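Remarks on the structure that follows.
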Amino acid sequence: MLLEALGSVLLGFALAWAAVTRLSHRLPDRRTVLGVGPLAGLFGAFLTHSAIGPGHGVITLLGATFVASVTLSLLLRPTRRLRRWAA
């Protein structure tokens, strides 16, 4: 369980770091993104571990990665201002 938690935090941080390096112009402050990634990974590991039970370490890490990537995608801002076309 401890290795699952540590692995999920590291995966969340790696996803956040990759997002900051590639999409920094579309994300909020760097500290916010680098803080949300590991927390979302830890929450995803908790959620997955609670749903499927102990003994499924790889699936727990996959669930943590999924929740972290979804949470980080919620921080993205649009690139341009949306226009409303007159009909």
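Accessible surface area normalised per residue over the chain is 74 Å², counting heavy atoms of protein chains with a 1.4 Å rolling probe. Here residue 73 and residue 6 are evaluated by their C-beta separation; at R0 = 22 Å the FRET efficiency comes out at 0.40. Sparsely packed loop sites in the stretch 30-87 (the trypsin sites (Lys or Arg not before Pro) outside DSSP H, G, I, E and B with at most 16 other Cβ atoms within 10 Å) comprise 80, 81, 83, 84. Note on the chain: helix-only mean residue ellipticity at 222 nm, from DSSP H runs of 4+ residues weighted -39500 (n - 2.57) and normalised by residue number, equals -24500 deg cm²/dmol.
Dimensions of the chain based on its C-alpha atoms, expressed as ranges along the principal axes with the largest first, amount to 56, 30, 15 Å. Rolling a 1.4 Å probe over the protein heavy atoms of the chain, with every protein chain left in place, gives an accessible area that is 69 percent carbon and sulfur.
The values are calculated or read from the model by the stated rules, or taken from the named source; none is laboratory data. No experiment lies behind these values; they were computed from the predicted model shown. No Cβ is skipped: glycine too gets one built from the backbone with ideal geometry, and neighbour counts run over all protein chains shown. Calculation scope for accessible area: heavy atoms of the full protein, side chains included, ligands and nucleic acids excluded. Shrake-Rupley method; radii C 1.70, N 1.55, O 1.52, S 1.80 Å.
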